[in-house]
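Since the structure comes first, as structure tokens, the remarks are kept for the end.
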Amino acid sequence: MEHAHENAGHHTHGHIAPLSMYYAVFGALMVGTAITVAVAYVDLGFVNTAVALGIAVTKATLVILYFMHVRWASRLTWVVIVGSLFWLILMFVIAMTDYLSRGWMGVPGR
């Protein structure tokens, strides 16, 4: 029974990341921001939105993984995140099917 309450007064802490990692991620986010601004001045045609979204997703992933410490989180946290991303993608797909099919029926009275 002595071992059962051995850690009762101790608090366990999560992963402690070095400051250099935070500086590196911050630098990557600043580079991503500079690339976003630079790309805004270049006309890439229909690819503009895809490039901007790609940069935004990359930056959001860095923030989630490192600043929110998800990289070192439990499996339950990962399950919640993957489930949330699944539902977000599902909602975008449903919205896009509505948006892309709006012109199929035509306008009544014309």
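In Å, the Kirkwood hydrodynamic radius of segment 70-110 over pairs of distinct alpha carbons? Before the final figure, lay out the partial values.
Details: mean 1/r = 0.0777 Å⁻¹.
One over the average 1/r among Cα pairs gives 12.9 Å for segment 70-110.
Using θ = phi - 60° in the Karplus curve 6.51 cos²θ - 1.76 cosθ + 1.60, the 3J(HN,Hα) couplings for segment 88-93 round to 4, 5, 4, 5, 5, 4 Hz; x is entered for Gly and Pro.
Label zone of Ile35 (point 7 Å out along Cα→Cβ, amide N under 19 Å): in segment 59-80 this covers 59-67. Ranked by solvent-accessible area (1.4 Å probe, protein heavy atoms only, all chains present), the residues Ile81, Ile89, Ile35 order from largest to smallest as Ile89, Ile35, Ile81. Compactness check for segment 12-95: Cα Rg over 2.2 N^0.38 Å is 1.35. Taking 0.36 nm per residue of separation and subtracting the current Cα-Cα distance, fully stretching the chain between Val51 and Val93 would add 13.2 nm.
The values are calculated or read from the model by the stated rules, or taken from the named source; none is laboratory data. Small disclaimer: the values here were computed from a predicted structure and weren't measured. Every residue, glycine as well, gets a Cβ built from its backbone with ideal geometry; the counts of neighbours run over all protein chains shown. For accessibility, only protein heavy atoms count, side chains too; no ligands or nucleic acids. Shrake-Rupley method; radii C 1.70, N 1.55, O 1.52, S 1.80 Å.
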